[in-house]
Every structure is written in C-alpha cells, then in structure tokens.
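One structure is given below, encoded as structure tokens.
The values are calculated or read from the model by the stated rules, or taken from the named source; none is laboratory data. Note that the coordinates shown come from a computational prediction; the quantities given were computed from them, not determined experimentally. Heads up, the Cβs are rebuilt from the backbone with ideal geometry, glycines too, and the neighbour counts pull from every protein chain shown.
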Amino acid sequence: MHAAIERDQSADQLHSAAQAFTTMATGAQHACLLQWPSDDWGLLQNRCSGAEPRSLLRGMVADQQWQLLSWQPAAGSGDLRLALADGRRASFRLELAADGAQILRIRAVQLIGRDRSEPLS
C-alpha cells in the first residue's frame, strides 16, 4: 500500500512538472519549438524568433526542481520526458494541435523510475 501511495505522489509531482512545461511551451515565443526535437532547439534561433530554449529546459513546481530530458514531436503528438531533482523520471504523450505549435492535452504519466546517478544541476 505504501508503494502505491508513493507511486501516486510521484506521478502527481511529475504531472505537475509536465503542466509547467506545457504552460511555458505553448506561449507565443516558445510554441515554434514544439515542432522540433529538443536536441535541435539550439539550432533554431533564426527559425523560432524570440524563443529562448533554455527557459524550457528546467523549472520549479512547488518545492520540486524539474528538468527536461527530451521532447520528440510526431504527427499530432509528442513524447515529453522529464526528471525531478531526486531522480524520478516520467514520460508523457502530449496531444498537439494540427499545426504542432500548441499542446492540447497531457496523456497519463508513465513512470520510468529513478536515476540516482545524475543529480540535476
């Protein structure tokens, strides 16, 4: 029972981090970035005018720091992977608008597990 409660709390905290990411990413200056994998964001300065990719790489929700592990867009959706400072990680499938520049919905969290070897910097 304790493990189930801990899993639910982890899922809630990671879902809150995903909500924070989606709120920032769907703003006018960052929406362009959603059309590209996060590995390419640093190369898009001319294509995504005004976008600041660094602001989408990490953030805080309540007392938890989160970090973007990866963003991979696909037709109508995208795969978001996040980690919390304590190493808990999750993957989310996000539903995107037809133009790929707006997140419509966060799908259920899939907990990946803890990675204790790489603390957030």
(message) On the basis of being within 21 Å of R105 (Cα to Cα), of a type outside the set (S, T, Y) and within 9 Å of the chain's Cα centre (by Cα), does A18 make the cut?
(response) yes
(request) Scan the stretch 68-117 residue by residue and report those that are closer than 20 Å to L33 by Cβ, among the hydrophobic types (A, V, I, L, M, F, W, C) and surrounded by 14 or more Cβ atoms within 10 Å (Cβ to Cβ). (result) L68, L69, W71, L80, L82, A83, F92, L94, L96, A101, I103, I106
(request) Output the number of residues of the stretch 31-48 satisfying the condition of being in contact (Cβ under 8 Å) with a residue 24 or more places away in the chain and either outside any helix (DSSP H, G or I) or within 19 Å of Q13 (Cα to Cα) (or both). (result) 2
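Yes or no, residue by residue, for (1) over 13 Å from the mean Cα position of the chain (by Cα); (2) modelled with pLDDT of 90 or more; (3) under 16 Å from A20 (Cβ atoms); (4) not hydroxyl-bearing (S, T, Y):
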| site | (1), (2), (3), (4) |
| --- | --- |
| P37 | no, yes, no, yes |
| G42 | yes, no, no, yes |
| E52 | yes, no, yes, yes |
| R58 | no, yes, yes, yes |
| V61 | no, yes, yes, yes |
| Q67 | no, yes, yes, yes |
| A75 | yes, no, no, yes |
| A90 | no, yes, yes, yes |
| A101 | yes, no, no, yes |
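Consider the stretch 61-96. How many of its residues are among the hydrophobic types (A, V, I, L, M, F, W, C) and without any contact (Cβ under 8 Å) to a residue 24 or more places away in the chain?
The first filter runs over the stretch 61-96 and keeps only residues among the hydrophobic types (A, V, I, L, M, F, W, C), leaving 61-62, 66, 68-69, 71, 74-75, 80, 82-85, 90, 92, 94, 96.
From what is left, the residues that are without any contact (Cβ under 8 Å) to a residue 24 or more places away in the chain are 69, 74-75.
So the count comes out to 3.
With in a helix (DSSP H, G or I), surrounded by 13 or more Cβ atoms within 10 Å (Cβ to Cβ) and not β-branched (V, I, T) as the only criterion, which of A4, A51, A20 stands out?
Values: A4 fails: surrounded by 13 or more Cβ atoms within 10 Å (Cβ to Cβ); A51 fails: in a helix (DSSP H, G or I).
None of the others qualify; the one that does is A20.
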